[in-house]
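Worksheet: one structure, shown below.
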Amino acid sequence: MSTSEQKSNSEAEFDFAPFGFMNESSANSRTNIDIVKFLFSIWKPLIFGGCLGGLAGIGVYLLLGPVYSANTQVLVSKKASVPINDREANRFGNRGDHIELIKSDLIIEPAFKKHGLNDVPELATAYDPFKNIREGLSVSRSAGQESSFDNILDIAFDHPDKKIAATVVQSIVDSYREYLYETRDENSKQLYETLLEQQNNIMEQIASQEKEYREFRADAPVFLKASPIVSANGTALPPQSRYEVELASIEETQNENQIKQAGIEAKLAELERLRQQGDSRESLEFWVTYSLSTGTGDGKSNAAGGASALSGPPVKAGLDQQFLTTRLLEQRLLHSLGEEHSAVRNVRRQIDTILDAYAQQGLTAPSYKRSSVNSALERNSEGMDLVSVYEQTLKSQLAELVVISKSLNLMRADAEKKAKDAEMYQVEDQRLKDNISLQKTQLTQIFDQIATYDVSKEQEGFRMKQIAQVRIERSLKRVIKIVGAFGFMGIGLVFVLSYFREWLDTRIKTIDELCSLSATPLLGTIPNFISTPDSDRLAQASGLSPSLVFYHRPSSREAEAFRTIRTTLFHGLDEKEQVLQISSAEPGDGKSTAIGNIAIAMAQAGKRVLLIDCDLRRPTLHHLFGLPQEIGFTDILLNEIEWKNAIRSSTVEDLSIITAGLCPENPAEILSVHDLSKLFNEMRSEYDFILIDSPPVLAVSDPAILSSHVDGISIVARLMKNNRRSITRTIETLQVHGVRLHGILANGFDTQNAGSDSGYGYESYGSYFNEDTTAKHPSKIGKQPTLTE
C-alpha cells in the first residue's frame, strides 16, 4: 500500500472534530456542524434528557435522605478606639478577612479541642475532621460594609444529623469569640513590647551619636564666626569665618600689588620709548621730574590705574618719593651752584631728615653718599644723571613687588585650604547635630505612644455578640445540587449522543454540503412530496403514477421545481446537445421519477421528447407511465426490432417513450457491442431531446458505457440518503471516463425545515402555488404554451 493510500485510510478512520472543524478533503468527513443550529434541532431531546435526569436526581435524593442546615447570626462591631498612627488596622485586619478566617483551621481546631466537637464521634473519627467541617460550613455577611461600624455575619453548617449541625455552629461561634479576645490581648502585648524595644534602641542610638559628636568636636579646630553682616536693604547675610575674611584680604592685596606692578612696568616702557626716539637729556629729566610730581610720565592717566612712581607700603612709598626728589634736587644744585652753596646744604639737611624717618619707621633706608661738584660733573659726563637714578629705582621696586606677589600666592593657597577644611568641618558638625535631633524627635513620638497605650488598648479590635439562636431547617442545597447535577448530566448525555450521532452520520443533509463536494453546478432542487388519496385516485384514472406530479399537479411547488430544472437545462445546453443521460449514485435516489417529470415538463414546453429506459436491470419508466414492459430498448440492442417500432406514445403530447423491454442476463455486454452513437444520431433528427434513464453509477458499469455516447450526464443526489463518499466517487468515476457533467439535481429537499437562510425556502412563496388537485383534471390539460427558454 502506498503512503498516500495509508494517509487516506488513516484520515477515514480518525476523522473526528468535536465542534465541526474537519478536513474537508476527506470524502467521509462531515461538513462543519453549526452548534447553534444543532442545539435548536435537538431542543426537544435535550428537554427530555434534562427532565429524565431531574427525576433520577430526585430518586437519588430520596435514597440518600435529607440534609439539615443549622444557622445563626453574630454581630461583629468595631470598638470606638483611639487610633495610634493607624496601627489598629494592621493588628486586627478587616472584617471581610474574618469571613474566611472563621472557615480556617485557626478557628476550627479550638472548636474541637475546647468547645466539644471532639465529643462527637462522627466528626472526631473522620479521616480529616477539619476539612469536613470546612466543606460544610458557610459564612457570609448579610448586613453592613467594611466601613460600617456594625456587621452581621451568617454562620451555617449542613449535616444529615440535626444535633451535630447545631453543635458545630455553636462551637464555631464560641471559638471565634475566644479568638477575638485572645488576639486583642496578644496584639496589645506585642505592641507594648515593640514600643519599649524601639524606645531602648533609639536611646542607645542617641547616646552613641552624642559620643561621636563629642569626639568630633575634640579633634576639630576652633572656628570663630564673624559678626553677622546686614545688607543695604536690611537683609542679614550669613557671617563669614575668619579664614574666609583672611582669604578675601589676601585677594585684595594681590589685586593692589598687580596694579602697582603694571604701573611701574608702564613707566619703564615709556622711558625706554623716549630714549629710543632720541629725546634730549633735558627732555628726559623733565619727564622724570613730572612723573615724580604727578605720578605719571606722559601727562595722562596711567594705564595701570594712575599709580604713583614709587610703590610699596604707604609710608615707605612716601619716604622713597621724598628721598628721590631731594636727591635729584641736590644733583641739580651741585651742578649749577656748587657744594658750598647754602641751598645745597639745606637740601642735604632734608635728606638727613628723610633718612632719620626711615629709621624711626623701622624701614630700610636707601644707600646714600654725599656728592661733590666734580663727582656730579663726572656722572653727567658718563650719563649717570637723574634719568638713570629714576630708572634704577623703578626696577628695584618692580623686583620687590614680584617677590611680594609670590609670597601672596603662597598665602592665598594656604588660606583656601584652611577655608575648605573649615567648611567640611562645619558640614560634618551640622550632620551630626541633625541626626541627634531626628533621633530625639522619634524618641518623643515613642514616649507619646506609650503614654496613650494604656488608654487605647481596651478600645481596640472587635467585639462579637450572638444575636440569634441556632435554628435548624431542612437544607435545599442538597436537593438543588443533586437534582441540578443529574439534570445537567441528562442534558449532557443527550447532547453527546446526539452530537456523535450527527458526526458519524455522513449523509448529505443540506444543499451547501452537496455543492461543496464538487465544482459541478446545481441544476435545481426537488422537494419532498407525498401522494394523497386524491392524487392516487386521479392517477388511476389517467394511468400515470402519482409521482409524476408535474402532470397531476402542475401548479404545485414540486411542479415548479421541475420547471426550474427545465429552464436551467434549456439555457445551459448547447444547440447540439440533445442526448441527455440522467443517473444517480445509488439505487432509490429517485432518478427515474425525476427524469419522468423533466420529460413531461419539456414536452409541455413544446419540445419533442423521447424518453428511453436504459436501466436494463431494474426498469421503472413503464410503471410510471402505465405502459407494458415488453418490446423495448433490449430488443433494439439485440437487433430484433427497429427503434422506431419500439416507440410508445403517452398521454402527454410530444412525449414518446421507449421502455426497457425484458431484462437480459448480460446488459453490460449488450450495451458494449451495439453502436449506440449511430442509434442516438438517428434519433436526433426526429426529436429535440432524447432523455436516457440509466442505472446508478456505483451499482453497475452500464452508465459508464452509455456516457460515452451521450452529450452529457446529470446526477440525481438524494438528501438524507446519499453520503459524501458515494457522491464523490460518482463524480470521480464520470471524470475518469471523460464525461461532461451538466450538473447535480438535489432530490428530497425538505421545504418545511429549510429555513429562510438556506436560499431555497419554497414556503416563503406558498401563495404562488396551488396544491388543489381537483381544480383542473390533468386529463383536460392540453399542450402548454411554448416557453421562450
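Suppose the chain between A668 and R507 were pulled fully straight at 0.36 nm per residue; how much longer would it get relative to their current alpha carbon spacing?
On the way: separation 161, 0.36 × 161 = 57.96 nm, distance 2.96 nm.
Value of the extension gain: 55.0 nm.
Length gain on complete extension for the stretch E400 to A343, per 0.36 nm per residue less the alpha carbon to alpha carbon distance?
Details: separation 57, 0.36 × 57 = 20.52 nm, distance 3.39 nm.
That pair, E400 and A343, stretches by 17.1 nm at full extension.
Between L268 and R648, what length in nm is gained on full extension when 0.36 nm per residue of separation is reduced by their alpha carbon distance?
Working: separation 380, 0.36 × 380 = 136.80 nm, distance 15.51 nm.
Gain in length upon complete extension: 121.3 nm.
Quick one: if the Förster radius is 25 Å, what FRET efficiency do R608 and T564 give, using the C-beta to C-beta distance and rounding to 0.05?
Details: r = 22 Å, r/R0 = 0.86.
FRET efficiency, R608 to T564: 0.70.
Going 7 Å from the Cα of Q198 in the Cα-to-Cβ direction, what parts of the stretch 428-446 have a backbone nitrogen less than 14 Å from that spot?
439-446
Order 617-625, 512-520, 277-285, 709-717 from most to least packed using the mean count of other Cβ atoms within 10 Å. The partial results should precede the final answer.
Values: 617-625: 20.1, 512-520: 16.2, 277-285: 12.0, 709-717: 23.0.
Averaged packing, sorted descending, gives the order 709-717, 617-625, 512-520, 277-285.
Could you give the nm distance between label points at A126 and T289, where each point is 7 Å from its Cα heading toward the beta carbon?
So the two model labels end up 13.3 nm from each other.
Below 12 angstrom from the Cβ of K420, what's the summed charge of the other residues (Lys, Arg +1; Asp, Glu -1)?
Values: positive: K417, K418; negative: E244, D414, E416, D421, E423.
Around K420, the charge tally is -3.
In Å², what does the accessible area per residue of the stretch 536-585 work out to with a 1.4 Å probe?
Numbers: 1850 Å² over 50 residues.
For the stretch 536-585, the per-residue accessible area is 37 Å².
Could you work out the local net charge near D613, counting Lys and Arg as +1, Asp and Glu as -1, over the other residues with Cβ closer than 14 Å to its Cβ?
Result for the local shell: -1.
Only residues of the stretch 545-575 count here: report those whose backbone N is under 16 Å from the spot 7 Å along Cα→Cβ of D688, or say none.
563-575
Run the simple label-point estimate for K481 and F38 please: 7 Å along Cα→C-beta, distance reported in nm.
Distance between label points: 3.2 nm.
The values are calculated or read from the model by the stated rules, or taken from the named source; none is laboratory data. Here the structure is a predicted model, which is why all the values come from computation and not from measurement. We place every Cβ from the backbone using ideal geometry, glycine too, and count neighbours over all the protein chains shown. Just so you know, the surface numbers come from the protein's heavy atoms only, side chains and all, with ligands and any DNA or RNA stripped out. Shrake-Rupley method; radii C 1.70, N 1.55, O 1.52, S 1.80 Å.
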